[in-house]
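Each reported figure results from applying straightforward, stated rules to the coordinates on display, with no laboratory input. Note that this is a predicted model, so its numbers are computed, not measured. Positions of Cβ are backbone-derived with ideal geometry, glycine not excepted, and every protein chain shown enters the neighbour counts.
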């Protein structure tokens, strides 16, 4: 299939060689150009916020030291039978001179460029072919052919990519995000939700149980110490009866605090223990 497409490219280029009168272009260009043969005598600049395009069947022949500098958008949509060709000024069917690599500069896409789209295009006999200076610039290549380019056919951020001569290539940069993995059914995903809910439930009980247990232990210890203190005052020899009764009431109050602490400690310990049982 690739060889078939390559043959179509070569046949189409030869057929277009005599179909149009030569037209001369240079400088700042934008807009859509009809099918034809174009001679490029100086660098072509695609300015920011502008788009340059050539119709299927167009052939652009570049003089030495010329090329295209894209700061806006370059869009060329050819067809397998009528590709858009970027080539050397010496690439003319039947001419006495033969085209060679390094005959012209190539297509440079700057970091500020909006993007580039080449469908069924050919880039040949240049120095660096297609050079994309930024990895974030949108690039769409479909069925493009690169051949006889000197230093490289395709580079991005100064990194050279291997491109086979005369074989159509297609790619998109940046690459589309990978699709999220799909579960076979909702039942398969349900255990994950249950596990998450159980984990939340256990964390809540664990934290609450630990807090209640610590508070209960503090009340238990405080109540016990204070109750023992007033109990010793109550039974001390020579303590008046009225004062002893006050000490007894106070002691009983701290005993209640102690018992409350024991209850809270037991409740907190039970809540904390539940997280390990289930």
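What would the Debye formula give as log10 I(q)/I(0) at q = 0.21, 0.23, 0.29 Å⁻¹ for the alpha-carbon point model of the stretch 18-81, no solvent? Results for the stretch 18-81 at q = 0.21, 0.23, 0.29 Å⁻¹ read -0.85, -1.00, -1.33. You can think of it this way: the chain between residue 55 and residue 32 has 7.5 nm of extra reach, that is 0.36 nm per residue less the Cα-Cα gap. Spin-label model, residue 136 to residue 207: label points 7 Å out along the Cα-to-beta-carbon direction sit 3.9 nm apart. Look at the Cα gyration tensor of the stretch 112-163: its axes a ≥ b ≥ c give a/c of at least 1.5 with a/b at or below b/c, and that counts as oblate. Extension gain, residue 63-residue 252: 0.36 nm per intervening residue step, less the Cα-Cα distance, totals 57.2 nm. Each peptide among 159-168, 215-224, 50-59, 22-31 gets the average number of other Cβ atoms lying within 10 Å of its residues, and from highest to lowest they stand as 50-59, 215-224, 159-168, 22-31. Per 5 Å bin from zero, what fraction in whole % of the C-alpha pairs of the stretch 2-173 is there, up to the bin with the longest pair? Percent of Cα pairs in each bin: 2, 10, 19, 25, 24, 14, 5, 1, 0. Highest average first, the peptides 86-99, 119-132, 64-77 ordered by how many other beta carbon atoms sit within 10 Å of their residues are 119-132, 64-77, 86-99. Taking 0.36 nm per residue of sequence separation and removing the Cα-Cα distance, the residue 151/residue 172 pair yields an extension gain of 5.3 nm. This ranking places 265, 102 by how few other beta-carbon atoms lie within 10 Å of each, fewest first, which gives 102, 265.
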